[in-house]
Amino acid sequence: MLNMLSQRHLPIVERSYPDITGTLLAFDFGEKRIGVAVGETMLKVAHPLTTINAEENEIKFTQIGALITEWRPSLLVVGLPMHMDGESHLLTQLAKKFAQRLEGRFNLPVIMLDERLTSIEAAQSLNAMGIKGRAQKAMLDAVAAQSLLQSYFDGLPTN
């Protein structure tokens with residue numbers, strides 16, 4: 001928690017918490033759907049968890065609150081959407097606002113990771129499992145969150 005407080009002055013996109021251990025939740029933010037994944041720092045394996053389908057913030061945060069109560073994460077990872085050239089766009093700003101709201105509501109450390117190509121990776125993974133076309137829609141965001149969280153785990157130092 002001390003590390004969290006010492007980084008509060010930094011924008012969320014500049015924070016890192018390499019020493020945090022335990023359960024992590026990752027969010028692939030969208031205005032209508034938010035994919036959620038879960039993983040453990042000890043195993044360093046991410047799993048798709050669910051997709052939150054809601055446009056109203058209160059509904060989204062109520063569902064997220066239930067997940068936080070159930071999983072008791074020590075860190076939240078939020079995807080940072082960017083254009084392929086690295087430029088930000090409207091969803092970039094909305095995702096940053098979402099990350100700040102998560103931190104404010106749940107008092108947990110939050111980091112943001114570049115999520116470019118996670119949806120493409122998710123679609124390829126689902127295709128490889130034989131899930132194609134419209135059948136992917138229900139799972140795509142959660143699998144994209146899984147890809148995001150797995151990239152976080154892959155970037156952690158090995159012990």
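Restrict the check to the stretch 86-94 and report whether at least one residue is surrounded by 15 or more Cβ atoms within 10 Å (Cβ to Cβ), within 22 Å of Leu140 (Cβ to Cβ) and either at pLDDT 95 or above or within 13 Å of the chain's Cα centre (by Cα) (or both). The answer is no, given that none of the residues of the stretch 86-94 is surrounded by 15 or more Cβ atoms within 10 Å (Cβ to Cβ), within 22 Å of Leu140 (Cβ to Cβ) and either at pLDDT 95 or above or within 13 Å of the chain's Cα centre (by Cα) (or both).
Criterion first (modelled with pLDDT under 95, surrounded by 12 or more Cβ atoms within 10 Å (Cβ to Cβ) and among the aliphatic types (A, V, I, L, M)) does Ala37 satisfy it? Against the criterion (modelled with pLDDT under 95, surrounded by 12 or more Cβ atoms within 10 Å (Cβ to Cβ) and among the aliphatic types (A, V, I, L, M)), Ala37 does not qualify. When only residues in the stretch 40-51 that are closer than 17 Å to Leu140 by Cβ and aliphatic (A, V, I, L, M) count, which is surrounded by the most Cβ atoms within 10 Å (Cβ to Cβ)? Among those that are closer than 17 Å to Leu140 by Cβ and aliphatic (A, V, I, L, M), it is Ala46. Among the residues of the stretch 64-90, those that are in contact with a Ser or Thr (Cβ under 8 Å, 6 or more places away or on another chain) and either of a type in the set (Lys, Arg) or within 27 Å of Gly22 (Cβ to Cβ) (or both) comprise Leu67, Trp71, Arg72, Pro73, Ser74, Gly79, Leu80, Pro81.
For the stretch 1-32, name all the residues that are among the polar types (S, T, N, Q) and either modelled with pLDDT of 90 or more or over 20 Å from Asp114 (Cα atoms) (or both). Asn3, Ser6, Thr21, Thr23, listed by residue number. Filtering the stretch 52-73 for residues that are surrounded by 15 or more Cβ atoms within 10 Å (Cβ to Cβ) and within 16 Å of Gln150 (Cβ to Cβ) leaves a non-empty set. Of the residues making up the stretch 21-34, those that are surrounded by fewer than 18 Cβ atoms within 10 Å (Cβ to Cβ) and in contact (Cβ under 8 Å) with a residue 60 or more places away in the chain number 1. Looking at this structure, is Ile12 closer than 19 Å to Arg105 by Cα, under 14 Å from the mean Cα position of the chain (by Cα) and free of Cβ contacts under 8 Å to residues at least 60 places away in the same chain? The answer is no for Ile12.
The values are calculated or read from the model by the stated rules, or taken from the named source; none is laboratory data. Owing to the predicted nature of the structure, the values given are computational and were not obtained by experimental measurement. Every residue, glycine as well, gets a Cβ built from its backbone with ideal geometry; the counts of neighbours run over all protein chains shown.
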